[in-house]
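Notes to accompany the following structure.
Just so it is clear, none of the values below were taken in a lab; they were calculated from the coordinates. In this text, all values refer to a predicted model and were calculated from it rather than measured experimentally. Cβ: placed from backbone, ideal geometry, glycine included. Neighbour counts: every protein chain shown.
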Amino acid sequence: MKLEREAAAARAARGEAAVGEEASSGRSGEAATADTADAASAESGNFVGELAEELGRVTWPSLGTVVQTTGLVVGIMISSAIVLLGANAAMFKAEEAFLDASKRHWDAEGGPLRKRTQQEKVAEVQRVDEERREIMEKVFGETGGRTSFEDLD
């Protein structure tokens with residue numbers, strides 16, 4: 001907005017008509033286009049000048065301030081990484097301890113990872129066969145000496 005007002009004021013000072021004024025002044029389209037092109041090139045030169053002026057007004061930080069701020073950001077990033085890596089390691093150790101405890105419990109309860117004696121294996125097979133027999137009796141009534149579903153064929 002400010003640039004548009006300044007450009008309009010500059011055109012008025014040079015005696016050029018604004019775009020809306022060209023149509024109302026009755027000038028031909030070619031003359032208006034030529035004036036507009038000249039005004040655009042003058043405005044772009046004016047824009048570059050204003051840009052340089054604004055950049056001159058900017059308060060740039062000193063090299064020491066830039067180095068100090070950059071060091072602070074890098075330090076925060078490194079300390080955050082250390083904290084996150086520590087938390088990750090702690091959670092890994094907790095998970096490992098939990099899984100080890102679960103494995104020990106599973107093995108103590110007779111899980112498949114524990115080496116069992118032949119006697120324990122035979123007892124397990126007999127227990128499973130007894131469970132099958134009970135299921136067969138519930139489903140079919142008297143089993144008739146059958147010990148598995150394959151015997152029904």
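With both labels modelled 7 Å from their Cα along Cα-to-Cβ, the ARG133 to LEU51 distance reads 9.6 nm. Note on GLU95 and ARG116: with the Förster distance fixed at 35 Å, the Cβ-Cβ geometry gives a FRET efficiency of about 0.80.
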